[in-house]
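Just so it is clear, none of the values below were taken in a lab; they were calculated from the coordinates. None of these values were measured; they are calculated from a predicted model. Positions of Cβ are backbone-derived with ideal geometry, glycine not excepted, and every protein chain shown enters the neighbour counts.
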């Protein structure tokens, strides 16, 4: 049922469903690294200030925190959560939304925005492994660089990587090395940034059992930082 907003006297208020046509996207995070994710999206409620809204986030690792709210440019109100998972694994996230007090001119009694419900999603947290690089590049210039390395000793597993460049673009990583004596893989990528700035680059390393038809699984992350300067 689509969510509704109801303003009515406190004494006769009714609890309404908070279900809305928005499916939370599963969160992907790195162990030990803070992140902020959109956990829910509310319709445009009749509130004069976002401070009237309240939400509690249960992160699935034994910790809770308060949600924050921001108006979405596409309409509605985003429910945001910020967290750091200490360990890798899969976690269930629940967001509980509660009523908030409001006042309306011309009414003698306080009115409430009635908006109850719980929204759930999941988080997949990967360990951060290997050594990331800190690089300096130039805007609008294509570059190829070693983003870091990781060590894995294995005979029956192959690896691949996807680089998330921090500007909304992704590409495949090139992995080299990995000989049996050292087990060290270098991670190389090619990209060009349109704008100057500081970008946090996340490379997801996938493992695949040789000869298996099972889809490769995300094994761990390699984090790097790229400082992009203005083009001279």
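Roughly what would the spin-label model give for residue 38 and residue 151, points 7 Å off Cα along C-beta, in nm?
4.2 nm
What length, rounded to one decimal in nm, is gained on full extension from residue 141 through to residue 74, with 0.36 nm per residue of separation minus their alpha-carbon distance?
Computed gain between residue 141 and residue 74 is 20.8 nm.
Rank the residues 143, 159 as a footprinting-exposure proxy: fewest other Cβ atoms within 10 Å of their Cβ go first.
Placing the least packed residue first, the sequence is 143, 159.
Assuming 0.36 nm per residue, please report the length gained on full extension of the stretch residue 229 to residue 131 beyond their Cα-Cα distance.
Extra length available between residue 229 and residue 131 comes to 33.0 nm.
So if each residue of separation counts as 0.36 nm, and I subtract the Cα-Cα distance between residue 198 and residue 215, what length gain in nm does that give? The partial results should precede the final answer.
Working: separation 17, 0.36 × 17 = 6.12 nm, distance 3.35 nm.
Fully extending the segment from residue 198 to residue 215 adds 2.8 nm.
R0 = 30 Å: FRET efficiency of residue 190 with residue 65, Cβ-based, nearest 0.05? List each step's numbers first, then the result.
On the way: r = 39 Å, r/R0 = 1.29.
Efficiency, from the Cβ-Cβ distance: 0.20.
Suppose each label sits 7 Å from its Cα in the direction of the beta carbon; what would the residue 172-residue 160 distance come out to in nanometres?
0.7 nm
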